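The values are calculated or read from the model by the stated rules, or taken from the named source; none is laboratory data. Since the structure is predicted, the reported quantities are computational estimates derived from the model, not experimental observations. Because the Cβ atoms are built from the backbone with ideal geometry, glycine has one as well, and the counts that use them run over all protein chains shown.
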Amino acid sequence: MDEELEVVKGYPSDEARGVVRLHQNTLDRLEIDPEDTVLIHGRRPTPAHAHRLDFVDPEGTARMDAFTRQNAAVTLGESISVQRADLPPAQTVVLSPLAEQAQDLDIGSESTNRTIIFEIPNRFTPPIEEEASLESKSEVLDVVRQRIAGRPVAPGDIVPARLDRMGLTTLLLTIEKTDRDGPVRITSETNVNIEAPT
């Protein structure tokens, strides 16, 4: 059953998490449980995790952060529909840093407290002193793999990976290809390769 939902700005706490928030009545009608994977149908289909809206939010809306809107190719005020999706686990996913496409991104002013980077650093010192530094590119890549485990993705999606626990520094990657057609789920068993942009 298709139900049109108006796209509204995501909660700050959901930024870079691949989440779409829906009213409880919408979840019930579409037989979606919180944390289920859903396929968002905008101008471009993209998967996300469904979560419940706060009680003050009106029915008929879908809260999405700028990255999820970008992946669905929609803007604030436009309409989407969602459906529950059982995605296969990916065996292999190839990502690349978003460096060259960065100027085309429309992530608005939602990222004011965060640094966005588009290239994999050789080392990374978190802005929070209590957090350990990443001393090599391989350590940075290990953290990226941990951060994106569990994410539903589709080829062409932008995948933000937080390099520190607070999410103050985010590396933007794009899904180049997977071993399957269509959307997949990245698991802890997925072979995640990060390559230079083609």
When the range 49-79 is checked residue by residue, the ones that are in a loop (DSSP other than H, G, I, E, B), under 18 Å from GLU15 (Cα atoms), of a type in the set (D, E, K, R) and in contact with an Asp or Glu (Cβ under 8 Å, 6 or more places away or on another chain) are ASP65
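Let me confirm something: among SER79, SER13, which residue is touching a residue at least 12 places away in the same chain (Cβ under 8 Å), among the small types (Gly, Ala, Ser) and surrounded by fewer than 16 Cβ atoms within 10 Å (Cβ to Cβ)? Let's see the steps before the verdict.
Details: SER13 fails: touching a residue at least 12 places away in the same chain (Cβ under 8 Å).
Exactly one residue qualifies, and that residue is SER79.
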Scanning the range 53-75 for residues that are of a type in the set (A, V, I, L, M) and modelled with pLDDT under 95, the one nearest to LEU22 (Cα to Cα) turns out to be VAL56
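Take THR46 and tell me if it is assigned to a strand (DSSP E or B), in contact (Cβ under 8 Å) with a residue 40 or more places away in the chain and among the hydroxyl-bearing types (Ser, Thr, Tyr). Break it down into steps so the answer makes sense when it comes.
On the way: assigned to a strand (DSSP E or B): yes; in contact (Cβ under 8 Å) with a residue 40 or more places away in the chain: yes; among the hydroxyl-bearing types (Ser, Thr, Tyr): yes.
Yes.
Can you tell me how many residues within the range 14-43 are outside any helix (DSSP H, G or I) and polar (S, T, N, Q)? Break it down into steps so the answer makes sense when it comes.
Within the range 14-43, the first condition is being outside any helix (DSSP H, G or I), and the residues that meet it are 15-23, 30-43.
Among the residues that remain, those that are also polar (S, T, N, Q) are: 37.
Qualifying residue count, the range 14-43: 1.
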Quick count over the range 45-71, residues being in contact with a His (Cβ under 8 Å, 6 or more places away or on another chain) and crowded, with 21+ Cβ neighbours inside 10 Å, is 1
